[in-house]
1. Hey, what number do you get for the chain at 222 nm if only DSSP H runs of n ≥ 4 count, each worth -39500 (n - 2.57), divided across all residues, to the nearest 500?
2. Please give the solvent-accessible surface of S246 in Å², to the nearest 10, using a probe radius of 1.4 Å with every protein chain present.
3. Please report the carbon-and-sulfur percent of the accessible area for the chain; probe 1.4 Å, protein heavy atoms only, DNA, RNA and ligands left out.
4. What lysines could a cross-link reach from K229, if we take a straight Cα to Cα line under 18 Å and drop same-chain neighbours fewer than 8 places away?
5. Given the protein chains as shown and a 1.4 Å probe, how many square angstrom of D289 are accessible, to the nearest 10?
6. Dipole size in debye (nearest 20) for region 139-223 around its Cα centre, Lys and Arg Cβ +1, Asp and Glu Cβ -1?
7. Per residue, how much accessible area does region 165-212 show when a 1.4 Å probe rolls over the protein heavy atoms, in square angstrom?
8. Find which of G262, F146, N30 sits farthest along the positive direction of the dipole of the chain, computed with +1 on the beta-carbon of Lys and Arg, -1 on that of Asp and Glu, about the Cα centre.
Amino acid sequence: MTTGLMDAAVMNKPLDIVVKKINIPDPKANEALLKVYCIGVCGSDVHYYEHGRIGRYVVKEPIILGHELAGEVVKIGSEVTNVCVGDRVAVEPGVACGRCEYCKSGRYNLCPDVIFMATPPVDGAWAEYVTIRSDFLFKLPDSMSFEEGALLEPLSVGFHAMNRGKVTPADTIFVSGLGPIGLLAVQAAKMFGVSEIYASDVVPYRRQLGLEMGVTEVIDPLSENAKDKIAELTSGKGVTVVIESSGNQRAIADAVKVVNRGGRIVFVGMPAVNEIPLDVNQIIDGEIDVYGIFRYANTYPAAIQALRGSGVDIEKVITHKYALSDIKEAVEVARAQKDTSIKIMIYPDKSNF
């Protein structure tokens, strides 16, 4: 049924989220209606749930969160030609205007008028159905699960980091922080042909998961000096690229000390403060390239092709699965058990897990 009412998880205010009946949306001429199979819980969702805001984005009225999703097309608008009813698809959740200089140059992630799911005041996808402009839907190969399709969103952050850092198979990489983004950045590095990947995290469980997901060696930054340990592990060769995904102030400052002269640093994690001291003389003297990334652009088709048949198991980051009806418990677990919950997946139809 594609008309009538559906279940949706609505956050009324911080720490107050309930599942209620709302109208199933009707797609516009250039949109498709998607029956949601699964949706991930992102750190930004948890932050909105806890604090009601992220930077300049403030929750001022009830909102549906969630933006990491995959599902099945059940209805299309009159102008849609790229997908058909029955297609299994992943959703890129940021719809850009397509007209500004950033969109025209291919950097549509910087579009000032982007409409991004679950970013106030735009509703997200913790619901049974969602509509999206069809050019932001990407068909999934038969061999790819819906869960992998949903994880293409956070994987795309890692993929974009590889693109920004000009990563090649010849590089040796250090990933700082093994949360969902860091772990998927490791997977992206493997898809880019990198075989030597070092990583650090303060949480033992995450370090162990990193090893299981292909990290060469892990470092505990609380008890080991990353630069010295990497020099030891690489016989003095060091690393050519640092992917900083933790957002930790010390890790950000240390990135310029860890990377080789002539290397590249990609800052992914968002720190709690705006200003962090960096050794600029070391950046200049070492000709270190420093890149920031904001979400991603033009990653989904390449990520799908790279993932299929690669043997890379990105589903290892899924540590918990919940029905949409249990959304309150799911978000509380994500909030309170950050050491052991990596990626929580939500299912509107509980029979799907």
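The values are calculated or read from the model by the stated rules, or taken from the named source; none is laboratory data. Worth saying up front: this structure is predicted, and the values here are computed from it rather than measured. Please note: Cβ atoms are built from the backbone with ideal geometry, for glycine as well, and neighbour counts cover all protein chains shown. Heavy atoms of the whole protein, side chains included, go into the accessibility calculation; ligands, DNA and RNA do not. Shrake-Rupley method; radii C 1.70, N 1.55, O 1.52, S 1.80 Å.
1. On the way: 10 runs with 95 residues, N = 353.
Per the formula, -8000 deg cm²/dmol.
2. Per-residue accessible area (S246): approximately 60 Å².
3. On the way: 7680 of 15600 Å².
Answer for the chain: carbon and sulfur cover 49 percent of the accessible area.
4. Result set, ordered by chain and number: K237, K257.
5. Here the accessible area works out near 70 Å².
6. Working: 6 positive and 10 negative charges, 50 e Å.
Computed about the Cα centre, the dipole is about 240 debye.
7. Values: 1530 Å² over 48 residues.
Solvent-accessible surface per residue comes out at 32 Å².
8. N30
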